[in-house]
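Colleague: Structure in structure tokens, see below.
The values are calculated or read from the model by the stated rules, or taken from the named source; none is laboratory data. The structure displayed is predicted, hence computed values, not measured ones. Ideal geometry is used to build each Cβ from the backbone, glycine not excepted, and the neighbour counts take in all protein chains shown. Accessible surface is based on the protein model in full, side chains and every heavy atom, while ligands, DNA and RNA are left aside. Shrake-Rupley method; radii C 1.70, N 1.55, O 1.52, S 1.80 Å.
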Amino acid sequence: MTLIEWVELYVMSPIAIASIVVGLFFLFVAAVGVLRLPDVYTRSHAVSLTDSLGAFFVLGGLALYEGLSTNAVKILIVLILLYLLNPVIAHATVRSAHRSGLKPWSREDA
Amino acid sequence: MKSNPLAIKTLAFFLIWLLLSESFDWLHVSMGVLCAFGVAWFNRSREQTRFEIPRARIVWYYFWLVGRILQSGFHLSKLILHPSLPIDPRMIRQRTKLRKDAGIVLLGNSITLTPGTITVEVNSDELEVHAMDAESAEDVTSFRFDEQIARVTSSKETA
Amino acid sequence: MKIFFLIVLITITLLIVVYLYRVMRGPTVFDRVLGLNGISTKAIILLVVIGTVYGRVDMFVDISTGYALINLVGSLAIAKYLEERRELANDAD
């Protein structure tokens, strides 16, 4: 067993598993938020939590699991693409809601 | 950058092709050159897009942004999982002192990417931001992002 | 390791059901668009995990990249189409 194999088996894999579990936790929190929160604007915060933190930890963990290879680089490309495109989609959805005159929920209405 | 935009675009697309296809035999490489040139040629009328190379500080900015995202992500998770749901959503209007389009785009994207704040509307220099509670709103009103981005895009801009 | 990835797959699939509830329930059309956006983000993550399970990450990453781009175009088209429609904001619950 070479040193690189040893590092991949006993150092990288546990870190990767821990990272994926943390990512799943954030995905779970976002799902709870989508169920609990009162209106479109607040729910979009929950969805943005999924996009940024859940995808970051899950895809980062998978890239660590792949080790040093082109596969890891490709997974990072998907991550960068998500980071570039998801804010645009979230902004477009919320802006169309705002321009249609949807009132944001606030403490006083409840 | 003004010398030959078509060649630069072709080169950029070709590098992306090489990264995604991973095959280096002459058939795939020549197909890649053809496709890259074709895409660049179809988009030759978009030459007026100003292309600026950001300063090297942008790498540091991305690490700083990931740190901010982690911090406000934990804050938002606490809000969502709290049994009584202690949210206090609000709209903030704020003028930014950034002048370049690239800086404003980066600012809006960063604000939307950070959990707890989302850019709703952008006029030329006024942003309308929806924030989850006072602590998230403070992220925007403290001009934290503006200062960092002003250092990335240009030394002349003041924030 | 394979069992761990299967558990990850099942968890993400169950989370998709939550978003599907939001898509079907509404109450406004923007909630549905938001739910669809969440589902497609999860589908992208799901594709990469499936690629890791089968050892073909290179292929599945290409598929998920295409999925992300199609999702962008579709979502922008829907958002643009729904803009400035007062009657949509009023039919909440």
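Colleague: Assign unit charges at the C-beta atoms only (+1 for Lys and Arg, -1 for Asp and Glu), then state the dipole size of the protein assembly as shown relative to its Cα centre in Debye, rounded to the nearest 20.
Modeller: Value, rounded to 20: 540 debye.
Colleague: Could you point to the residue in B:L76, B:V105, B:T117 farthest towards the positive end of chain B's charge dipole, with +1 and -1 charges on the Cβ of Lys/Arg and Asp/Glu respectively?
Modeller: B:V105
Colleague: Give the shape of segment B:50-100 as rounded, prolate or oblate, defined through the alpha-carbon gyration tensor: a ≥ b ≥ c are the square roots of its eigenvalues, a/c under 1.5 means rounded, and otherwise the shape is prolate if a/b is larger than b/c and oblate if not.
Modeller: oblate
Colleague: Using only the alpha-carbon atoms, what does segment C:2-85 span along each of its principal axes? Please give whole angstrom values in decreasing order.
Modeller: For segment C:2-85, the Cα spread along each principal axis is 48, 25, 9 Å.
Colleague: Kirkwood hydrodynamic radius for segment B:5-46: how many Å is it when counted over pairs of different Cα atoms? Intermediate values should be presented prior to the final figure.
Modeller: On the way: mean 1/r = 0.0978 Å⁻¹.
Radius from the Kirkwood sum: 10.2 Å.
Colleague: Moving on to the next point. Calculate, in whole percent, how much of the Cα-Cα pair population of segment A:1-63 lies beyond 19 Å. Present the calculation step by step, with values, prior to reporting the outcome.
Modeller: Working: 841 of 1953 pairs.
For segment A:1-63, the fraction of Cα-Cα distances above 19 Å is 43 percent.
Colleague: Per the helix-only calculation at 222 nm, which mean residue ellipticity applies to chain A, given -39500 (n - 2.57) for every DSSP H run of n ≥ 4 and division by its residues, nearest 500 deg cm²/dmol?
Modeller: Roughly -24500 deg cm²/dmol at 222 nm, from the helical runs in chain A.
Colleague: Quick check on packing: order A:47-55, A:12-20, B:127-135, B:63-71 by the mean number of other C-beta atoms within 10 Å, highest mean leading.
Modeller: Numbers: A:47-55: 26.2, A:12-20: 16.9, B:127-135: 19.3, B:63-71: 15.3.
Listed from highest to lowest mean packing, they are A:47-55, B:127-135, A:12-20, B:63-71.
Colleague: Please compute one quarter of the surface area of the Cα convex hull for segment B:57-153 and express it in square nanometres.
Modeller: Dividing the Cα hull surface by four gives the mean projection, 5.6 nm².
Colleague: Which percent of the Cα-Cα distances in the protein assembly as shown go past 28 Å?
Modeller: 49 percent
Colleague: Tell me, what are the semi-axes, in whole angstrom and largest first, of the equivalent ellipsoid of chain A as set by the roots of 5 times the Cα gyration tensor eigenvalues?
Modeller: 38, 16, 6
Colleague: At 1.4 Å probe size, with every protein chain present, just tell me what the per residue accessible area of the protein assembly as shown comes to in Å².
Modeller: I get 51 Å² per residue for this part.
Colleague: Short version: ³J(HN,Hα) in whole Hz for each residue of segment A:76-84, in order, from phi by Karplus 6.51 cos²θ - 1.76 cosθ + 1.60 (θ = phi - 60°), x for Gly and Pro, what are they?
Modeller: Coupling constants for segment A:76-84: 5, 4, 4, 4, 4, 4, 4, 5, 7 Hz.
Colleague: Roughly how many whole Å is it from the C-alpha centroid of segment A:1-72 to that of segment B:80-155?
Modeller: The distance from the Cα centre of segment A:1-72 to that of segment B:80-155 comes to 25 Å.
Colleague: If you place +1 on the Cβ of every Lys and Arg and -1 on the Cβ of every Asp and Glu, how big does the dipole about the Cα centre of chain C come out, in debye to the nearest 20?
Modeller: In debye, rounded to 20, chain C gives about 260.
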